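The values are calculated or read from the model by the stated rules, or taken from the named source; none is laboratory data. Nothing here was measured: the structure is a model prediction, and the numbers come from that model. Methodologically, a virtual Cβ is constructed for each residue, glycine included, from the backbone with ideal geometry; neighbour enumeration extends over all protein chains shown.
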Amino acid sequence: MKWSYQAQDSKMTSYLTMVKELQLSLKEFSIQQLPRGDNNHMDAFSNLGSAIQMTQSKSIPIVYLQWLVTWKGEEHRVSSLTNDDSWMTPIINYLQQELLLEDKNESR
């Protein structure tokens, strides 16, 4: 097999060396390059270990979802149950109906 692959960094160089050594012990061997867009999940997987800071070496369980799961819940509406006046009532009345309080001092 003709090797026409180059490693981008020292980490990848060590992987490439290991693959070349393992290839000698196999009867059949092939490498297929995936387009970058088809390899997003592997990129995420390879970065997962370095993204999590751990003090000890531990395994990281990975769950692969065959189908995208999205929850589409019902739209909830909130209604006020009380009509008590609050400090905001005069402001709301002014904004909605342009109503001012009768007492000019209180309006300020």
Q) If Met42 satisfies every condition in (1) under 20 Å from Lys11 (Cα atoms); (2) of a type in the set (A, V, I, L, M); (3) modelled with pLDDT of 75 or more but one, which is the exception? A) (3)
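Give segment 20-37 a look and list any residue that's more than 17 Å from Gln6 (Cβ to Cβ), exposed (fewer than 10 other Cβ atoms within 10 Å of the Cβ) and of a type in the set (A, V, I, L, M), or say none.
Of all residues in segment 20-37, those more than 17 Å from Gln6 (Cβ to Cβ) come to 21-22, 24-30, 35, 37.
Filter once more, keeping what is exposed (fewer than 10 other Cβ atoms within 10 Å of the Cβ): 21, 24-28, 30, 35, 37.
Within segment 20-37, Leu24, Leu26 qualify.
Within segment 8-48, work out how many residues are aliphatic (A, V, I, L, M) and farther than 29 Å from Val63 by Cβ. Give the steps one after another, and end with the answer.
If we filter segment 8-48 for residues that are aliphatic (A, V, I, L, M), which is where we start, we get 12, 16, 18-19, 22, 24, 26, 31, 34, 42, 44, 48.
Right, trim to farther than 29 Å from Val63 by Cβ and you get 16, 24, 26.
Residues that pass the stated criteria total 3.
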